[in-house]
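Heads up: the structure comes next, in structure tokens.
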């Protein structure tokens, strides 16, 4: 099994320039905060792609070091963007982008929530297409409920339903299981001892 492709980003976070990012990362434990920020930016990247402003580098003296790990499987858009950015500004441009997405979360939370839900539910991914194909192959099951469940009468009503052809069919018969098939030979160390007497 091969290890997933990943990139480690070690960069400076300037509190005066990255207020929104500092705030979100402060709410969660380090790894959870990183995952929240990266998942949100992965979802928002198509809405708010990288801009020229994301290339700005702060000259502030106060900073803290941060480390993010981008895996290709989990964050394919951010992974590809980071690989495509020019050397020397990759890390700072990604940090600025992550911060801008957090600012957009504060300015337009509904749009960010929609993007996150769309990304989490996998719309447009192969998993969603596979689920659609499966639903087409089995039309009697719609969104986890069978067609029979859709016309269930309310509780307490006295309604009888006629038997359908599927319900009237005889159950499938399986060959009988012999008792010797179930018994396994096991070694019993006390099998050769005489019966015990208690008086």
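Here are some notes:
- When residues of region 23-39 are limited to those that are out of contact with any helix residue (DSSP H, G or I) (no Cβ under 6 Å at 6 or more places or on another chain) and touching a residue at least 24 places away in the same chain (Cβ under 8 Å), the one farthest from residue 105 (Cα to Cα): 34
- In region 54-84, the residue that is farthest from residue 120 (Cα to Cα) out of those that are under 27 Å from the mean Cα position of the chain (by Cα) and assigned to a loop (DSSP other than H, G, I, E, B) is 72.
- When 19, 5 are checked against the criterion of being surrounded by fewer than 18 Cβ atoms within 10 Å (Cβ to Cβ), under 25 Å from residue 110 (Cα atoms) and out of contact with any helix residue (DSSP H, G or I) (no Cβ under 7 Å at 6 or more places or on another chain), a single residue qualifies: 19.
Each reported figure results from applying straightforward, stated rules to the coordinates on display, with no laboratory input. What you are looking at is a predicted structure, and each value in this text was computed from that prediction instead of being measured. Backbone-built Cβ (ideal geometry, glycine too); neighbour counts: all protein chains shown.
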